[in-house]
Amino acid sequence: MQGIIKGFQQLLKYPSAIIGLALIAILFIVSILTVIIIPRDEAIRLWRGGEAIWGQNPKTVPPAWTNLFRSKKLPETIVLTMADESVQTEVNERAEGENRVLVYNFNYTADFAPQDVVFSFTSRYATRNPFVSIFWVTPDGREIRLMEQGIGYNFSYRATQDTKLSRRLGGLSPEIGLFDNPETEAVDVLKGQYQIVIDYLTFENDSSISKADVVIHGKVYGLFGTDHQRRDLTIGILWGVPIALAFGLVASFGTSIAAIIFAALGVWYGGWVDELIQRITEINLNLPILSILIMIGTFYSKSITTILGATVLLSIFSGAIKSYRAIFMQVKESPYIEAARSYGATSSRIIFSYLIPRVTPLLIPGLVLGVPSFVFLEATLASLNLGDPVLPTWGKIIYEAWGTGGAVYNGFYYWILEPAILLIITGLGFALVGFAMDRIFNPRLRDI
Amino acid sequence: MSVTTPELEAPQGVPQEQTTSPKRKNSTFARVAKYTLLKFASIFLSVVVAVYLTILIANMGGYVDQIVRGQIREFIGQQLRADQNYQQMDPAEKNAFFLAQVERAEKRYGLDKPFAVRSLTFLWNAIRMDFGTAQLMASDTGSRQVKLIILDRLGPTLLLVGASNLILFFGSIALALMLSRSYGNFWDKLIIGFSPTSSAPSWFYGLFLILLFAAVFRWLPFGGMIDSPPPRDQLGYILNVGKHLILPTMAIILSNLFISIYNWRTFFLIYSSEDYVEMAKAKGLSDRDIQYRYILRPTLPTIITSFALLVIGLWTGLILTEGVFQWPGLGRTFITAIGLYDTPVIVALTIIYAYLLAITVFVLDFVYALVDPRVKIGS
């Protein structure tokens, strides 16, 4: 035990180990905070909730902070609702029903046009549906008619899909044309105060419009951007941290500790126990582990616990068990073991109190170095669409970005780079510490 | 090499071998042959067990049977819907006819026998590389035979593994030797500092390489093995495949190079502090001679072992790399099979990977026996 503490003190002499420890510490803090702030069920709801939760987000846009590095700024999403204080309302009572005019104001300062302008309404009526007209007033005073029609209980209007409007705007796509500066030849954005006038008529006394939202979808969003389903990637990226750490640590610890116990048992009891463990190892070395995990994921369950269990089971009897065995063979002959035997110590006492603690220093570097490979194994499986079906993981984000999202071909690089960079940070953190530990605990390497 | 003196060769055992009688030579041959045979038998046995385990995992709880049964029913249902005679039968007759067809098909698939019997039949078939027919996938020639599908795809995988491994093996040994000669200098520290990067698998590097060289710079193709349509002349064809080979090979090399250099440099350093190397240095031998005769030769078995482990890791590690690069090899076939849920192909590929692993282990064991005269048999 003292050796281990001493080893850790030595660790602080290596600058690379300090960087590694800092990275690991940050990851731990982030994962604890994530689990506390966004509990598992909430994360699943936000990640798999459907249109209702992320419908107002723009589609596949980079994070908002990327604007800091741009000379021409991309727009952020603007949401306008009836409840806003700035909305001016004018009501004219009619014989039956009413005429209401809502005026929304917003200031547009970005250098690019938004992704889309979406209006959504909820109305209440018995037989005759309300009639809505929408007008768009630009900062230079032009009034553009967007839509005039009767609406159902739930109705939405997307400017980008209005081909007639596009023709009236001179062939420009509506979301660009609505913000275009007509003074200039080029397609550019007219900055300033815009106005949206929603003028509607109801034809029954009980009839009303309870929701009239305007969402001007931006081209940047949040801390991590959004994916092709308009989901906020923050949830996936942040929840990927505890999952990656848990998978890597549990798999690495479980595998190493089980391997060392089996190696010790084999060496101590010898005979058929040793023989059996050796044979299992040989067979296991012939098993293609990744393919078997793929098979388990495809045929049984993609749940992260199943995959984790199978990974540990398949990795116990690997090459490492052979090197532990070689070490135990030497330790078994040492005088202190003989002394223990002579005073009548039980086998289990010798194995767990004398044999195993002796090789623990050798175990630690391998244990730490094993973490990144298991983290990447999980990412590999998830990238083959064998990730956990409910929880978001980095590998699943990469899979969606690469496959269905077509992120490479469409240039959504942030979408792949975010999980990839976090994977690198995790891998690098543990690898840096592991390599330093390897030098400390394996004296033969110390001078090298 | 001209510097070497006869008395220096003596401890290496080389001149002794040249002067040995035919009988001694024969015993070397017998030793290698016996070792090889024993190894072959033990590896073959472990492959059989591994294959049987694969079959058990693939069919635990009859889960796969259910899929097959469902697919049989769906397929026959589709077939019958297009059948004029069947359409004119009355409902009871229709049902009886349908069930009879299903039963016949299930018998053909051997689903009526107990699982223990079926698993043994499957094991026997798998050992003979007879994997039956695929459910949905087909080979280039349109055959449904799993064996043909796999044979079609083996070539590209071997090309990729071969190209990357050769560069990796010789490149890292050469670099490791160079570094071990001048350890502690800037380059040594730089490359050792890079060794943690090897914890990422090759597909991961593939993502970045494609992003950089294909998407941003547009220098190299995104993936695939050949342009479509392929160039007509032979030279153009080879160059085109070569162009497609660059990025995946780079990805594999990047993810393995630094750790291999690190491992081998460590070995070389440990061996170069041995007494006999110090002795050679004291005798004033050239660096080159010391490296080849006193460092490289005795570490060869270790080098081969670590190379074997590398190749074993590469075989299955390639699955997603091929997927990322759309390389038409075994790995991509595996991914397609997962996507289509094509059970026979998935099981067959897992078994093929087990075979490839075993062949790798066997070949390297054989080479090991050749280069290391210390290998003991039977004791």
(message) Considering only residues that are surrounded by 12 or more Cβ atoms within 10 Å (Cβ to Cβ) and in contact (Cβ under 8 Å) with a residue 40 or more places away in the chain, which ones fall in the stretch A:64-81?
(response) A:Ala64, A:Trp65, A:Thr66, A:Asn67, A:Leu74, A:Pro75, A:Glu76, A:Thr77, A:Ile78, A:Val79, A:Leu80, A:Thr81
(message) So, in the stretch B:167-185, how many residues would count as being more than 19 Å from B:Phe307 (Cα to Cα) and within 20 Å of the chain's Cα centre (by Cα)?
(response) 0
(message) Quick check on the stretch B:325-342: of everything there that is within 10 Å of another protein chain (Cβ to nearest Cβ) and open to solvent by 10 Å² or more (accessible area, probe 1.4 Å), which residue is farthest from A:Ala401 (Cα to Cα)?
(response) B:Tyr341
(request) Taking the residues in the stretch A:412-428 that are among the hydrophobic types (A, V, I, L, M, F, W, C) and more than 9 Å from chain B (Cβ to nearest Cβ) as candidates, determine which candidate is surrounded by the most Cβ atoms within 10 Å (Cβ to Cβ). (result) A:Trp415
(request) Go through A:Leu391, A:Leu377 for me and flag whichever is assigned to a helix (DSSP H, G or I) and farther than 21 Å from A:Val267 by Cβ. (result) A:Leu377
(message) Give me the helices (runs of 4 or more DSSP H) completely within the stretch A:239-357, filtered to those with at least 2 residues that are of a type in the set (Val, Ile, Thr), ordered by residue number.
(response) A:271-285, A:289-299, A:304-316, A:319-332
(message) Can you list residue pairs whose Cβ atoms sit under 7 Å apart, with the first residue in the stretch B:353-368 being more than 10 Å from chain A (Cβ to nearest Cβ) and the second being not in a helix (DSSP H, G or I)? Count only pairs 6 or more apart in sequence or on different chains.
(response) B:Tyr368/B:Val375
(message) Would you confirm, using the coordinates I've provided, whether B:Leu80 is open to solvent by less than 80 Å² (accessible area, probe 1.4 Å) and either at pLDDT 85 or above or of a type outside the set (Lys, Arg) (or both)?
(response) yes
(message) So in the stretch A:250-263, with the set limited to residues that are aliphatic (A, V, I, L, M) and touching a Phe, Trp or Tyr at 6+ places or on another chain (Cβ under 8 Å), which one is nearest to A:Arg279 (Cα to Cα)?
(response) A:Ala263
(request) Can you work out which of the residues in the stretch B:202-226 that are facing chain A (nearest Cβ under 8 Å) and in contact (Cβ under 8 Å) with a residue 40 or more places away in the chain is surrounded by the most Cβ atoms within 10 Å (Cβ to Cβ)? (result) B:Trp203
(message) Go through the stretch A:140-162 and report how many residues are within 27 Å of A:Gly192 (Cβ to Cβ) and open to solvent by 60 Å² or more (accessible area, probe 1.4 Å).
(response) 8
(message) Can you go through B:Pro328, B:Pro301 and tell me which one is under 23 Å from the mean Cα position of the chain (by Cα) and modelled with pLDDT under 75?
(response) B:Pro301
(request) Among residues belonging to the stretch A:82-129 that are under 11 Å from A:Ile198 (Cβ atoms) and part of a loop (DSSP other than H, G, I, E, B), point out the one that is most open to solvent (accessible area, probe 1.4 Å). (result) A:Met82
(message) For the stretch B:185-226, which positions are within 25 Å of B:Pro328 (Cβ to Cβ), outside any helix (DSSP H, G or I) and not β-branched (Val, Ile, Thr)?
(response) B:Ala200, B:Pro201, B:Phe217, B:Arg218, B:Trp219, B:Leu220, B:Pro221, B:Phe222, B:Gly223, B:Gly224, B:Met225
(request) Select from the stretch B:261-287 the residues that are open to solvent by 30 Å² or more (accessible area, probe 1.4 Å), part of a helix (DSSP H, G or I) and over 26 Å from B:Asn165 (Cβ atoms) and list them in ascending order. (result) B:Asp275, B:Tyr276, B:Glu278, B:Met279, B:Lys281, B:Ala282, B:Asp287
(request) Looking at (1) under 30 Å from A:Asp206 (Cα atoms); (2) in contact with a strand residue (DSSP E or B) (Cβ under 9 Å, 6 or more places away or on another chain); (3) of a type outside the set (D, E, K, R), find the lone condition where A:Leu169 falls short. (result) (1)
(request) Determine whether A:Ala320 is more than 13 Å from chain B (Cβ to nearest Cβ), touching a Ser or Thr at 6+ places or on another chain (Cβ under 9 Å) and small (Gly, Ala, Ser). (result) no
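Take A:Thr34 and tell me if it is hydroxyl-bearing (Ser, Thr, Tyr) and outside any helix (DSSP H, G or I).
No; evaluated as a whole, the condition is false for this residue.
Results for (1) open to solvent by 60 Å² or more (accessible area, probe 1.4 Å); (2) hydroxyl-bearing (Ser, Thr, Tyr), shown as yes or no for each residue.
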| residue | (1), (2) |
| --- | --- |
| A:Tyr343 | yes, yes |
| A:Arg349 | yes, no |
| A:Arg358 | yes, no |
| A:Leu363 | no, no |
| A:Val371 | no, no |
| A:Phe374 | no, no |
| A:Ala382 | no, no |
| A:Asn385 | yes, no |
(request) Would you mind stating whether B:Phe131 is surrounded by 15 or more Cβ atoms within 10 Å (Cβ to Cβ) and farther than 23 Å from B:Ile335 by Cα? (result) no
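Rundown of residues vs (1) surrounded by fewer than 23 Cβ atoms within 10 Å (Cβ to Cβ); (2) more than 10 Å from chain B (Cβ to nearest Cβ); (3) farther than 30 Å from B:Leu340 by Cα, yes/no style:
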| residue | (1), (2), (3) |
| --- | --- |
| A:Ala263 | no, yes, yes |
| A:Tyr269 | yes, yes, yes |
| A:Leu276 | yes, yes, yes |
| A:Leu285 | yes, no, no |
| A:Pro288 | no, no, no |
(request) With respect to A:Thr311, determine if the residue is surrounded by fewer than 16 Cβ atoms within 10 Å (Cβ to Cβ), closer than 20 Å to B:Val347 by Cα and away from every other protein chain (no Cβ under 11 Å). (result) no
(request) Taking A:Thr404 as the residue in question, decide whether it is within 8 Å of another protein chain (Cβ to nearest Cβ), touching a residue at least 40 places away in the same chain (Cβ under 8 Å) and β-branched (Val, Ile, Thr). (result) no
(message) Looking at (1) part of a helix (DSSP H, G or I); (2) open to solvent by 60 Å² or more (accessible area, probe 1.4 Å); (3) among the basic types (Lys, Arg), which one does B:Lys113 not meet, given that it meets all the others?
(response) (1)
(message) Tally up the residues in the stretch B:116-150 that are touching a helix residue (DSSP H, G or I) at 6+ places or on another chain (Cβ under 8 Å) and outside any helix (DSSP H, G or I), please.
(response) 14
(message) Based on this model, can you work out whether A:Tyr409 counts as over 22 Å from B:Ser198 (Cβ atoms), over 12 Å from the mean Cα position of the chain (by Cα), facing chain B (nearest Cβ under 7 Å) and free of Cβ contacts under 8 Å to residues at least 24 places away in the same chain?
(response) no
(request) Restrict the check to the stretch B:94-101 and report whether at least one residue is away from chain A (no Cβ under 14 Å) and open to solvent by 100 Å² or more (accessible area, probe 1.4 Å). (result) no
(request) From the list B:Ala337, B:Ala348, pick out the single residue that is in contact (Cβ under 8 Å) with a residue 24 or more places away in the chain and over 18 Å from the mean Cα position of the chain (by Cα). (result) B:Ala337
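The values are calculated or read from the model by the stated rules, or taken from the named source; none is laboratory data. Computed from a predicted model, the values in this text were never measured in an experiment. Note that each Cβ is placed from the backbone with ideal geometry, even for glycine, and that neighbours are counted across all protein chains shown. Note: areas computed on protein heavy atoms with side chains; ligands, DNA, RNA excluded. Shrake-Rupley method; radii C 1.70, N 1.55, O 1.52, S 1.80 Å.
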